[in-house]
Amino acid sequence: MKTIIIDPITRLEGHGKISIFLDNKGDVENAYLQIPELRGFERFSQGRRAEDMPQITSRICGVCPVAHHFASTKALDAAFHVDPPSAAKKLRELMYMGYYIYDHILHFYYLGGPDFVVGPDAPAAQRNVIGVIEKAGIEVGKEVIKHRAYGQKITAILGGKATHPVCGLPGGISKGLNKDEVNDIEKMISSCIDFAQFSLKLFDDIVLQNKKYVDVILSDPYQLATYNMGLVDKNNNVNFYDGTIRVTDQQGNEQCKFDVNEYYSHIAEHVEEWTYIKFTYLKSIGWKGLKDGRDSGIYRVGPLGRLNAAEGMATPFANKEYKRFYETLGGKSVNSTLAFHWARLIELLYATERAQELIKDPEITSQKIRNPVGEPGEGIGVTEAARGTLIHHYKLDKDGLIDKANLIVATTNNAGAINMSVRDAAKGLISKGNVSDGTLNMIEMAFRAYDPCFACATHTLPGGMPLEINIYDHTKKLYKTIRQNL
Amino acid sequence: MDKGKKISNKKPRFAFYWAASCGGCEIAVLDINEKILDVIGIADILFWPVAMDFKYKDIKAMKDNHIDVCFFNGAIRTEEQEHIAKLLRKKSKIMVAFGACAVGGGIPGLANVANKKEIFHTSYIENPSTDNPKKTVPKTKVAVKEGTLTLPEFYDTVKTLEQTVDVDYFLPGCPPTPDQIMTAVGAIVENKLPPKGSKIGPMKSVCDECRFEKSEKKITNIKRIYELEKWEEKCLLEQGVICLGPATRGGCSARCLDANMPCTGCNGPTPNSLDQGAKMISALASILGIEGEENMGDEDVQKLIDQVVDPVGTFYKYYLPDAIINRRVMNK
């Protein structure tokens, strides 16, 4: 039996490792994506002051600190039995949109997008942000840097720091906005709306108008028929900051819908010996191993999961794109892993439109941004991190210290699906022991689409991730090495 | 390129790497925005995970000291991280501990209140949403149906970079600010580096950069931030909230205070102070009217300590592995 070990040398060094096992015919028998890191936040949160949690847990991920900051703050609202004033909720959501603007731009232009914008079969050395700039033009490159920075700046104005913010408090937020800040933010948002629309047009021109790319999106190795999960508002529209958790099946029908306070009745986690990450699944269906379909409890989260789990977007331009997305890709559910990229851009547009609604809201300059807290107890908070549903659950003692903490983070929700996508991509390309160079890119694209944040279980920004496949014969002797970006 | 010459005589070779960290230090480097083009102009970046490809094999093949400056972020939590830190040390002339985790363990360093067994128990066994009747926990070597899979050992204790390899300079902060990063890069490029072992940052405290005025007013008791009924435009300590400003090095422009939140100490101890917690306890004693350690009776000390509900998390949030007391006694 041959073993192929893909050691992602760069961002995943120490953060992820893929091993592919071939059977005697040289076909893929199985593949494993291992996460070789754990930091133990749930343990060392015990005994900490509850109010420190939004800042402690933001250190789970420096790419998505705002998501943890507010999932944590919302868990504290619940634990201290306090409902923040509506202005505070709007300020938090506005900051959340700033975070989405920065994060989705980062992924599309720096990390995932190059596969499409430059091309899936372009030389590896060109499949990076520089390649995107070369193809789209230097002016576009400047716009990318500018708007990513706008997202960070909006977050910093509201949060004190973009990485890591400090404004979240049980019952509200520590800082309001003045008129000058509102003017600054308004200008940035208006520019971001144009940029989001430009990005969708770029995707349309380069990807959707190219039959070859559309065929890749719809090709077999990238299909995964799992359940989908995401937060929705009362109209079943996607919501990032608040709402009800909705799960749809492989055909887009509602499977279940629940308040986050009931998460433990619907979601469970499974432990394997070979990786430090846990695998979540729908409790009602059960853990059936790493497989998709109706009978397996595995679900997907993140941009594609959210769009599939909802029925629309709450803002006009994004909703138009939402409809076009399903018309183009053949209706609900879209099960193609590579559709994550398009879904991400639709969400970017939604984030900018929603940010504009919020900044124009007269209440946004209100200084009524905190309500007094009640007695400490137990609380659960949920947000949609850019990479998926994020749940913080705390039990406080009488002194307001953390007694127990449970965190279900975005990438954990996708761990099973990412593993399967990697395996299926490998199966799709490797046969009879023939491992072509294209294998690397196929596999890379499969899990890059998720924007896996393995610091939320370790985290990666694989900007043209170098991979190495070592093929060993049955005596474990190395007979072939394929390298990419090395 | 002449390898034998000093850094100032050629374009220095930089490297960035991360261990047990959150990625925020990488984002901090991206957040210097257009200045990154200046950095690329004055230095060759051999590898930088966000923007460029990591060449681990190539690093192994490099001659010793091939890299001029390695900016290493993240704490040392696993066998693999220790291994890479040692390898990069060998290949780098100057090793910079970049950010709070590398300098002092950072937030992941708080895990030194527990050990591996307790952490595994919490994450994999007693966790309320985890269904694990067989009490499975990850192992370093696992036989699966098709072969064998390995994972790096998870250590009992989080270590700082300096506890693992020899470190030349320290750049604290969670994450370091763009200004701090550019100061360090400038000092390296112009060969104006301070003596080995220096922390790169201003010789002042966060209080010196804070917008709030101090009036030397005493307080009678400590409040939690959420207990403050209204925020006044004055020193948070004087409003009764623990703020680590007096015990923490400046250089951050007191940004947290600008957002009306207390300093939590991410920039590490003030210059000339070894232990951030000890310095803060002494500052607290003073503002609570307990003057001078030598005059503190047992009762006074107890009164003070009782009001601080979580001393470890309050005083050593980012630097526990580097503190005088760097971990809890190990449970077996």
Failed condition for residue A:212, given (1) farther than 25 Å from residue A:101 by Cα; (2) surrounded by 15 or more Cβ atoms within 10 Å (Cβ to Cβ): (2)
- prompt: When the residues of the stretch B:228-251 are filtered to those that are closer than 17 Å to residue A:51 by Cβ, outside any loop (DSSP other than H, G, I, E, B) and in contact with a helix residue (DSSP H, G or I) (Cβ under 6 Å, 6 or more places away or on another chain), which remaining residue is nearest to the other protein chains (Cβ to nearest Cβ)?
  reply: B:241
- line: Only unsatisfied item for residue A:67, checking (1) outside any helix (DSSP H, G or I); (2) away from chain B (no Cβ under 11 Å), is (1)
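Taking only the stretch A:308-337 into account, find how many residues are in contact with an Asp or Glu (Cβ under 8 Å, 6 or more places away or on another chain), hydrophobic (A, V, I, L, M, F, W, C) and either free of Cβ contacts under 8 Å to residues at least 12 places away in the same chain or not in a loop (DSSP other than H, G, I, E, B) (or both).
We begin by selecting, within the stretch A:308-337, every residue in contact with an Asp or Glu (Cβ under 8 Å, 6 or more places away or on another chain); these are A:313-318, A:333.
Retained after the next criterion (residues that are hydrophobic (A, V, I, L, M, F, W, C)): A:313-314, A:317-318.
Retained after the next criterion (residues that are either free of Cβ contacts under 8 Å to residues at least 12 places away in the same chain or not in a loop (DSSP other than H, G, I, E, B) (or both)): A:317-318.
Residues in the stretch A:308-337 being in contact with an Asp or Glu (Cβ under 8 Å, 6 or more places away or on another chain), hydrophobic (A, V, I, L, M, F, W, C) and either free of Cβ contacts under 8 Å to residues at least 12 places away in the same chain or not in a loop (DSSP other than H, G, I, E, B) (or both): 2 in total.
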- prompt: Does residue A:168 satisfy the criteria of being farther than 20 Å from residue A:103 by Cβ, crowded, with 21+ Cβ neighbours inside 10 Å, touching a residue at least 60 places away in the same chain (Cβ under 8 Å) and touching a Pro at 6+ places or on another chain (Cβ under 7 Å)?
  reply: no
task: Filter the stretch B:252-266 down to the residues that are touching a residue at least 60 places away in the same chain (Cβ under 8 Å) and in contact with a helix residue (DSSP H, G or I) (Cβ under 6 Å, 6 or more places away or on another chain), then identify the one that is farthest from residue B:307 (Cα to Cα).
output: B:253
- request: Would you be able to say whether some residue in the stretch B:201-214 is within 17 Å of residue B:171 (Cβ to Cβ), touching a helix residue (DSSP H, G or I) at 6+ places or on another chain (Cβ under 9 Å) and surrounded by fewer than 22 Cβ atoms within 10 Å (Cβ to Cβ)?
  value: yes
query: In the stretch A:78-94, what count of residues is obtained for those that are over 24 Å from the mean Cα position of the chain (by Cα) and surrounded by 24 or more Cβ atoms within 10 Å (Cβ to Cβ)?
result: 2
message: Take the residues in the stretch B:107-130 that are buried (at least 24 other Cβ atoms within 10 Å of the Cβ) and either within 7 Å of chain A (Cβ to nearest Cβ) or touching a Gly at 6+ places or on another chain (Cβ under 6 Å) (or both); name whichever of them is nearest to residue A:394 (Cα to Cα).
response: B:123
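Tally the residues that are closer than 23 Å to residue A:245 by Cα and either without any contact (Cβ under 8 Å) to a residue 40 or more places away in the chain or within 11 Å of chain B (Cβ to nearest Cβ) (or both), restricting the search to the stretch A:381-403. Give the derivation first.
Residues of the stretch A:381-403 that are closer than 23 Å to residue A:245 by Cα, as a first pass: A:381-395.
Then drop every residue that is not either without any contact (Cβ under 8 Å) to a residue 40 or more places away in the chain or within 11 Å of chain B (Cβ to nearest Cβ) (or both), which leaves A:391, A:393, A:395.
Here the count works out to 3.
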query: From the list B:161, B:87, which one is touching a residue at least 12 places away in the same chain (Cβ under 8 Å), touching a helix residue (DSSP H, G or I) at 6+ places or on another chain (Cβ under 7 Å), within 27 Å of residue B:329 (Cα to Cα) and of a type outside the set (Gly, Ala, Ser)?
result: B:161
query: Quick one: residue A:198 ticks every box in (1) among the aromatic types (Phe, Trp, Tyr); (2) touching a His at 6+ places or on another chain (Cβ under 7 Å); (3) in the same structural domain as residue A:97 (by TED's automatic domain parsing) bar one, so which box is it?
result: (2)
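Out of curiosity, is residue A:255 modelled with pLDDT of 95 or more and of a type outside the set (A, V, I, L, M, F, W, C)?
Details: modelled with pLDDT of 95 or more: yes; of a type outside the set (A, V, I, L, M, F, W, C): yes.
Yes, satisfied.
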- line: residue A:280 passes all but one of the listed conditions (1) within 14 Å of chain B (Cβ to nearest Cβ); (2) over 18 Å from the mean Cα position of the chain (by Cα); (3) closer than 27 Å to residue A:102 by Cβ; the exception is number (2)
task: Look at residue A:55 and say whether it is over 19 Å from residue A:344 (Cβ atoms), within 12 Å of another protein chain (Cβ to nearest Cβ) and crowded, with 22+ Cβ neighbours inside 10 Å.
output: yes
- request: Determine if the stretch B:159-167 includes at least one residue that is within 10 Å of chain A (Cβ to nearest Cβ), surrounded by fewer than 20 Cβ atoms within 10 Å (Cβ to Cβ) and not in a helix (DSSP H, G or I).
  value: no
message: Given (1) in a strand (DSSP E or B); (2) more than 13 Å from residue A:79 (Cβ to Cβ), identify the lone condition not met by residue A:357.
response: (1)
query: Scanning for something touching a Leu at 6+ places or on another chain (Cβ under 8 Å), closer than 26 Å to residue B:11 by Cβ and of a type in the set (Phe, Trp, Tyr), does the stretch B:197-219 turn up at least one residue?
result: no
query: Considering the stretch A:205-260 alone, what residues qualify as being free of Cβ contacts under 8 Å to residues at least 12 places away in the same chain and within 22 Å of residue A:385 (Cα to Cα)?
result: A:234, A:254
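Check whether at least one residue in the stretch A:444-458 is of a type in the set (Gly, Ala, Ser), modelled with pLDDT under 55, crowded, with 18+ Cβ neighbours inside 10 Å and not in a helix (DSSP H, G or I), and report yes or no.
Looking for residues that are of a type in the set (Gly, Ala, Ser), modelled with pLDDT under 55, crowded, with 18+ Cβ neighbours inside 10 Å and not in a helix (DSSP H, G or I), one finds at least one in the stretch A:444-458, hence yes.
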task: Tell me, please, whether a residue that is touching a residue at least 60 places away in the same chain (Cβ under 8 Å), outside any strand (DSSP E or B) and touching a Leu at 6+ places or on another chain (Cβ under 8 Å) can be found in the stretch B:185-195.
output: no
Answer from A:142, A:161 - the residue that is within 11 Å of chain B (Cβ to nearest Cβ), without any contact (Cβ under 8 Å) to a residue 40 or more places away in the chain, farther than 20 Å from residue B:253 by Cα and not aliphatic (A, V, I, L, M): A:142
field: Residue list for the stretch B:267-282, filter: free of Cβ contacts under 8 Å to residues at least 60 places away in the same chain and surrounded by 20 or more Cβ atoms within 10 Å (Cβ to Cβ)
entry: B:269, B:276, B:277, B:279, B:280, B:281
message: Can you find, within the stretch B:143-158, the residue that is surrounded by the most Cβ atoms within 10 Å (Cβ to Cβ) among those that are of a type in the set (Asp, Glu) and more than 9 Å from chain A (Cβ to nearest Cβ)?
response: B:156
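The values are calculated or read from the model by the stated rules, or taken from the named source; none is laboratory data. The structure displayed is predicted, hence computed values, not measured ones. Every residue, glycine as well, gets a Cβ built from its backbone with ideal geometry; the counts of neighbours run over all protein chains shown.
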